[in-house]
Amino acid sequence: MTDPSAGPALSEHDATLLAEAGFVTDPAAATAARVDRDIRMQDLVHSSLSVDDAAQRLGVTTTCIRQRLTDGTLWAFTSGQGRLLPPAQFIAVGAVPHLEKVLPLLNDDLHPLTVQALLTQPQPSLVAGRPVSIVAWLTGCAGTDAEIEQAADVIVAATWEST
């Protein structure tokens, strides 16, 4: 006998689409996904820089860092430890070149893990046939208007998809 509270059965096509999109009906899989997200978030919190650390890394004052956060040319999220700046924005000797030109395009409500992935995961739409992360692209480019526009297009598309 079919459970009437279960609702109509999904077609195989619909079930496949939902599975590919990450929707699961297995409670254990959902729990595993939450645990994975929590671990990644803890890793991000522990690897991120405080405002003081970011100021030291960039050789500027904390006031300058706070102003850049207000301007959107650096990005931070709030945790129990205060405002934290994800490490993807920084290279060994400073900030990722040209990143200040595309960060203002980010939606303020994006999850920190989304922003970190957007900046660090290879983006197929950035360079055809050779996916590269936004950070790698900006670090290796000359900063021409066309190169910055390519990175900006990826940021805008990701922001649009998140709404």
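The values are calculated or read from the model by the stated rules, or taken from the named source; none is laboratory data. Everything quoted here is computed from the prediction, not taken from an experiment. All Cβ positions, even for glycine, are placed from backbone atoms using ideal geometry, and neighbour counts span all protein chains on display. Surface areas here come from the heavy atoms of the whole protein model, side chains and all, with no ligands, DNA or RNA. Shrake-Rupley method; radii C 1.70, N 1.55, O 1.52, S 1.80 Å.
Details
- Principal axis box of region 102-163, alpha-carbon based, largest edge first, Å: 30, 21, 17
- Normalising the Debye intensity of region 19-70 to I(0), with uniform scatterers on Cα atoms only, and taking log10 at q = 0.15, 0.31 Å⁻¹ returns -0.60, -1.06.
- Cβ charges +1 (Lys, Arg) and -1 (Asp, Glu), total dipole of the chain, debye: 640
- Less than 5 angstrom separates the built amide H of L49 from those of L85, all sequence-distant by 5 or more or on a different chain.
- In the context of the full set of protein chains, residues of the chain present 62 Å² of accessible surface per residue (probe radius 1.4 Å, heavy atoms only).
- Largest-first ellipsoid semi-axes for region 10-163, taking √(5λ) over the Cα gyration tensor eigenvalues, angstrom: 30, 21, 13
- Relative contact order, percent, the chain [alpha-carbon distance under 8 Å, six or more residues apart]: 16
- Amide H contacts for V127 (H built 1.01 Å from N in the peptide plane; partners 5 or more residues away or on another chain; cut-off under 5 Å): V132.
- Structure-based [θ]222 nm, the chain - -39500 (n - 2.57) summed over DSSP H runs of at least 4, per residue, nearest 500: -15500 deg cm²/dmol
- Rolling a 1.4 angstrom probe over the chain with all protein chains present gives an accessible area of which 56% lies on carbon and sulfur atoms.
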